[in-house]
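The values are calculated or read from the model by the stated rules, or taken from the named source; none is laboratory data. Given the structure is predicted, the values throughout are model-derived calculations rather than measurements. Positions of Cβ are generated from backbone atoms using ideal geometry, with glycine treated the same way; all protein chains shown enter the neighbour counts.
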Amino acid sequence: MRIKSISTAAISATQGSLSSGPANPDQSANALGPQPTFYRTAQVDGLTIFYREAGPKDAPVILLLHGFPTSSRMFRNLIPALADKYHLIAPDYPGFGHSSAPAVNEFDYTFDHLAQVVGHFVEQLGLQRYSLYIQDYGAPVGYRLALQHPERLQALIVQNGNAYVEGIDNDFWKPIKAYWANRTPDNAAPLREALKVETTKWQYTHGVSQLDKIDPDTWTIDQALLDRVGQQDIQLALFYSYGSNPPLYPKWQQFLREKQPPTLIVWGKNDAIFPAAGAEAYLRDLPEAEPHLLDTGHFALEEDGDEIAALIRTFLAKELHS
């Protein structure tokens, strides 16, 4: 299947974007009125897990899994854009956003452990079926959830969330791969540099088409959270743990081949972290996936959020309501 490109002009304004929807999440999906986002916490495995929630309780669920170095805040605009017809839930992982961030000697910061906590969070909220939106770190968390409970996955929305070696075969990953091979202070040094504001800003601004559409609050808030005491050790632990993901790619790919979940790919094609080759690789295992390469960077929602919301609406209407 040919990868599709998309532009703002190609998509009309999203129906109900940022305004229409039920006034209360316990109302039915057919209710009208503005839909608020709620900011909540749950106690999971002795941790406080912060999450954003919006939309009617009886609507199809979308579980939104964020990337690095951000939090559920990356979905702050997408949530109200879809909340008239979907029940959206976006948690912060341990160590991110407003969730608990215990020190590395108190919590094992691995992707297995993050997925375990998110899995327990899902069970505590009683989510039986959901579509998964995965971006960056959300991919290794989300695929672990999917393999543990394939019966829960209704559809997959992949936005710069990698599952193929092609997606990490670039210069960005060289110092990280060196750290995987040899976890030394010398190899950690360039990764500590990556936790500074210059790199955080670069993740938001590199590859975008219109720089003046990128809110500087994005990297400013992310950096303020990264600068908290203990965060460098937390993020270095997760940089190292990311090395556990490529060996699992064959299992994730087998899952995709066998289960063929309905899949929408919305990928910032100018991403220097997970390049477009990572998006194209999905089509080997998911030939019926709907792919869109967007002319933007790593955090595609910041520049092309309206387009992505419209694509999700059309995709889920077809896959869940047909």
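Assorted remarks:
- Residue in the range 66-80 that is at pLDDT 95 or above and more than 14 Å from the chain's Cα centre (by Cα) present: yes
- Residues located in the range 306-322, provided they are hydrophobic (A, V, I, L, M, F, W, C) and either over 16 Å from PRO262 (Cα atoms) or modelled with pLDDT of 95 or more (or both): ILE308, ALA309, ALA310, LEU311, ILE312, PHE315, LEU316, ALA317
- Long-range neighbours under 9 Å by Cβ, at least six apart or interchain, first residue touching a residue at least 24 places away in the same chain (Cβ under 8 Å) and at negative phi within the range 217-232, second assigned to a helix (DSSP H, G or I) and of a type in the set (Phe, Trp, Tyr): THR218/TYR204; ASP222/TYR204
- Once the range 90-106 is narrowed to residues that are in contact (Cβ under 8 Å) with a residue 40 or more places away in the chain and of a type in the set (A, V, I, L, M, F, W, C), the residue that is surrounded by the fewest Cβ atoms within 10 Å (Cβ to Cβ) is ALA103.
- For the residues GLY126, GLY119, the requirement of being out of contact with any Lys or Arg (no Cβ under 9 Å at 6 or more places or on another chain) and not aliphatic (A, V, I, L, M) singles out GLY126.
- Restricting the range 15-58 to residues that are of a type in the set (Gly, Ala, Ser), modelled with pLDDT of 95 or more and part of a loop (DSSP other than H, G, I, E, B), the residue that is surrounded by the fewest Cβ atoms within 10 Å (Cβ to Cβ): GLY46
- For the criterion of being closer than 30 Å to VAL44 by Cα, assigned to a helix (DSSP H, G or I) and touching a Lys or Arg at 6+ places or on another chain (Cβ under 8 Å), TRP180 fails.
- Helices (runs of 4 or more DSSP H) lying entirely in the range 206-322 (those with 3 or more residues that are of a type in the set (Asp, Glu) and under 20 Å from the mean Cα position of the chain (by Cα)): 300-321
- Condition check for ARG129: in contact (Cβ under 8 Å) with a residue 40 or more places away in the chain and more than 30 Å from PRO60 (Cα to Cα): no
- The range 90-121: number of residues that are aliphatic (A, V, I, L, M) and in contact with a Phe, Trp or Tyr (Cβ under 6 Å, 6 or more places away or on another chain): 2
- Residue within the range 139-162 that is in contact with a strand residue (DSSP E or B) (Cβ under 6 Å, 6 or more places away or on another chain), at negative phi and polar (S, T, N, Q) present: yes
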